[in-house]
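The values are calculated or read from the model by the stated rules, or taken from the named source; none is laboratory data. Since the structure is predicted, the reported quantities are computational estimates derived from the model, not experimental observations. We place every Cβ from the backbone using ideal geometry, glycine too, and count neighbours over all the protein chains shown. Note: accessible area is taken over every heavy atom of the protein model, side chains too, but ligands, DNA and RNA are not part of it. Shrake-Rupley method; radii C 1.70, N 1.55, O 1.52, S 1.80 Å.
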Amino acid sequence: LYFGTKFLSMLWGSRSLALANKFDTPTWAKRSMDIMKLTEDCGAKIHIEGLDNITKAEGPVVFISNHMSMMESMIFPGLIASRREVTFVVKSSLTSHSLFGPTMRARKPIAVDRKDPVADFKTVMAEGVENLNNGVSVVIFPQSQRMVKFDPSQFNTLGIKLAKKAKATIIPIAIKTDFWGNGSLAKDIGSLNKKEPVYVKFGEPFKVEGPGKKEHQEVIEFIQSNLDHWNK
């Protein structure tokens with residue numbers, strides 16, 4: 001109850017700043033770090049590796065990550081936007097959400113509706129390349145939805161194709177965020193499981209060489225190997 005109340009209060013504060021055109025990148029990063037601290041205050045034990053890889057890459061980056069819960073969406077800005085300009089590929093419904101909408105729109109995300117794969121592909125390719133060409137990195141979750149159990153067959157190649165087309169660097173991200181559960185009534189605010197440590201690992205940056213199949217497999221293996229290690 002404490003977590004949910006404080007989290008909603010933080011979201012409402014961010015919404016107010018966004019409506020006042022005051023939700024810039026430094027503010028976004030700080031608000032994200034505030035949420036991370038809130039989770040730690042509520043028992044999260046957070047382990048982060050590879051932060052230096054974010055700034056090691058030259059030029060804009062396509063960050064490709066697995067997706068377990070709301071937590072990674074909330075803490076990635078604090079980890080990434082504090083180091084380089086970035087935007088996210090998000091569900092279009094979030095940009096019109098009464099609570100999340102103003103904040104989302106303030107960060108100019110790449111919005112897809114996840115109903116028409118062809119249309120989504122064209123949107124990500126067009127807007128993603130435009131962002132990358134303008135020096136704005138892109139975070140993409142290739143899974144169709146949040147999944148506690150990682151399923152490589154549901155992990156599409158959209159991030160690889162975007163990086164290849166824009167000639168951008170890729171940084172894979174492996175996350176384990178089942179500390180923050182997905183709720184049954186409100187999916188974004190589930191129960192907190194203090195027995196589950198939080199892990200975030202940023203991989204070494206690399207470029208796409210050739211068609212991209214090898215690089216796609218490398219991202220999958222990076223995520224799977226880290227999950228296997230963390231689940232021991």
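List of remarks:
- Selection over the range 195-232 of residues that are among the aromatic types (Phe, Trp, Tyr) and either buried (at least 17 other Cβ atoms within 10 Å of the Cβ) or over 17 Å from Ser65 (Cβ atoms) (or both) gives a count of 3.
- Helices (runs of 4 or more DSSP H) completely within the range 1-82 that count 3 or more residues being under 14 Å from the mean Cα position of the chain (by Cα) and closer than 27 Å to Glu130 by Cβ: 25-41, 70-76
- For the range 89-145, a tally of residues being open to solvent by less than 40 Å² (accessible area, probe 1.4 Å), closer than 29 Å to Asn53 by Cβ, part of a helix (DSSP H, G or I) and among the small types (Gly, Ala, Ser) returns 2.
- Residue match in the range 135-150 (condition: without any contact (Cβ under 8 Å) to a residue 24 or more places away in the chain and closer than 21 Å to Met70 by Cβ): yes
- Ser82 free of Cβ contacts under 8 Å to residues at least 12 places away in the same chain and hydroxyl-bearing (Ser, Thr, Tyr): no
- Residue in the range 197-210 that is under 22 Å from Phe100 (Cβ atoms) and not in a helix (DSSP H, G or I) present: yes
- When the range 27-77 is filtered for residues that are charged (D, E, K, R), open to solvent by 10 Å² or more (accessible area, probe 1.4 Å) and under 24 Å from Ser14 (Cα atoms), the ones remaining, listed by number, are Lys30, Arg31, Asp34, Lys37, Glu40, Asp41.
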